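Worksheet: one structure, shown below.
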Amino acid sequence: MEFMKNIIFILAIGVFFILPISGCGDSEIGEPCDTAGVTEGCEEGAICGNIAGGTNYCQLSCTVQADCAATENCTGITGTDQKSCQAL
């Protein structure tokens, strides 16, 4: 019986303490980010880009128009030499 209590206790620690910590990570495309023109803080293949109105969001990084969807333009990120796929 003591063994079962220990197993339940260990599982509870994992669910309530370890699992939430492992969920922290980079922002996905479309989520807010801090500094325009940098990839740190955004998921792999994304870059922090600025949107009209001053808010920064993670966007797909691009070098040519073919990197983006038909509904997006591969456009320069203000104040940087980087480009991202931005909605038309």
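Within the stretch 28-40, residues that are on the phi > 0 side of the Ramachandran plot sit with their Cβ atoms under 7 Å from residues that are of a type in the set (Ser, Thr, Tyr) and part of a loop (DSSP other than H, G, I, E, B), at 6+ positions apart or across chains, in these pairs: Gly37/Thr80. List, please: which pairs have Cβ atoms under 9 Å, are six or more places apart or on different chains, and start with a residue in the stretch 60-81 that is modelled with pLDDT of 95 or more and crowded, with 16+ Cβ neighbours inside 10 Å and end with one that is of a type in the set (Gly, Ala, Ser) and not in a strand (DSSP E or B)? That search, which allows pairs on different chains as well, returns Leu60/Gly45; Leu60/Ala69; Ser61/Gly45; Cys74/Ala66. Of the residues making up the stretch 45-71, those that are among the hydroxyl-bearing types (Ser, Thr, Tyr) and within 15 Å of Thr35 (Cα to Cα) are Thr55, Tyr57, Ser61.
The values are calculated or read from the model by the stated rules, or taken from the named source; none is laboratory data. These numbers were taken from a predicted model, which means no experiment stands behind them. Don't worry about glycine lacking a Cβ; one is built from the backbone with ideal geometry, like all the others, and counts go over all protein chains shown.
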